[in-house]
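One structure is given below, encoded as structure tokens.
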Amino acid sequence: MPDLKRLKNLLDEKVRLYNQPSFIIKDPISIPHRFSKKQDIEISGLFAAVLAWGNRTSIINNCSRLMEWMDNAPYEFILQHKDTDLKKFLGFAHRTFNATDLLYFIEFLQYHYSQHKSLEEAFVPAKAYTEDTVEQALIHFHNYFFSIEHPERTKKHISTPARKSACKRLNMYLRWMVRKDNAGVDFGIWKKIKPSQLVCPLDVHVARVAKRLELLENDKSNWSNALQLTYHLHQLNPDDPAVYDYALFGLGMAERF
């Protein structure tokens, strides 16, 4: 295990460097930052997070196209669109996410928002969330998301700890919705989950950096390592372990650490 004090100093310094508005510009989180209504932020954020793999420019371009097709009012579109409004979505593709997946997402969101005011209820239906980590919230979301008739192929786009996935994109989405500080990057609009319960988003870049820093024994991107990494980050900042996502991501992507 590394020297925690030295590690905390290093990571806190990198958080100061990367957790700031300049980070937003080229990141998928720029998509929900175009909106001010809570539901618009939730919906655009979900698409931005789910599509967040591959080239960041193409992620942002494809998300922008989706938002334009929804008249840059995603909540209103989800609730009020007619079947004819969906024709423009039929040619959509981002990596392996295609029109079939997209149309199901729209259908699920309409189903959910016709009964609930916030997408937070899809993760935490109870009044409060009392688990140590968001593991059960992620499992619930996956099961609920596929509780109505759905295409089998779409299951690969919503991960779950039950399948040992690191759930990188959903953990990133929860970070956006739950974390709140004065830096102006994350939104902090959900209150049932506390920042201390978040699991650090783990992908190949973050896993590689975490292994080099001796926070992980190997660089596998799976749920077990996501929990292990978060456990160590919790020792550095018990109230907000996921804040170090910025530092680890920055070290991996920007600095090729």
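The values are calculated or read from the model by the stated rules, or taken from the named source; none is laboratory data. Here the structure is a predicted model, which is why all the values come from computation and not from measurement. For neighbour counting, all protein chains shown are included, and Cβ atoms are generated from backbone atoms with ideal geometry for every residue, glycine included. SASA here: full protein model, heavy atoms, side chains in, ligands and nucleic acids out. Shrake-Rupley method; radii C 1.70, N 1.55, O 1.52, S 1.80 Å.
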Q: Taking H placed 1.01 Å from N in the peptide plane, check which residues at least 5 places from residue 222 or on another chain put their amide H under 5 Å from its amide H.
A: none
Q.
Taking θ = phi - 60°, what integer Hz values does the Karplus form 6.51 cos²θ - 1.76 cosθ + 1.60 yield along the range 12-17, in sequence order, with x for Gly and Pro?
A. 4, 5, 5, 4, 4, 6
Q: Sticking with the crude label model, points 7 Å out along Cα→Cβ, report the distance from residue 71 to residue 126 in nm, one decimal please.
A: 4.0 nm
(Q) Ignoring ligands, DNA and RNA, please state the percent of accessible area on the range 82-229 from carbon and sulfur, probe 1.4 Å. (A) 49 percent
**Q.** Extension gain from residue 136 to residue 88, taking 0.36 nm per residue of separation minus the Cα-Cα distance
**A.** 13.7 nm
Q | GluC sites (Glu not before Pro) restricted to DSSP loop in the range 115-220 with at most 13 other C-beta within 10 Å | A | 131, 149, 214, 217
Q. In nanometres, what is the gap between the two model label sites at residue 10 and residue 110, each 7 Å from Cα along Cα-to-Cβ?
A. 5.1 nm
Q. Rolling a 1.4 angstrom probe over the protein heavy atoms, how many square angstrom per residue are accessible across the chain?
A. 46 Å²
Q | Per-residue ³J(HN,Hα) for the range 159-165, Karplus 6.51 cos²θ - 1.76 cosθ + 1.60, θ = phi - 60°, Hz, x for Gly and Pro | A | 7, 8, x, 4, 9, 6, 5
Q) Which value, in debye to the nearest 20, gives the size of the charge dipole of the chain about its Cα centre, when Lys and Arg are +1 and Asp and Glu are -1 at the Cβ? A) 400 debye
Q. Got a number for the accessible area of residue 68? Probe 1.4 Å, square angstrom, nearest 10.
A. 110 Å²
Q. Which one of 137, 125, 243 has its Cα pushed farthest toward the positive end of the charge dipole of the chain, where Lys and Arg give +1 and Asp and Glu give -1 at the Cβ?
A. 243
Q: Pop out the ³J(HN,Hα) list for the range 74-90 in order, Karplus 6.51 cos²θ - 1.76 cosθ + 1.60 with θ = phi - 60°, rounded to Hz; leave Gly and Pro as x.
A: x, 5, 4, 5, 4, 7, 10, 5, 9, 4, 5, 5, 8, 4, 5, 7, 5
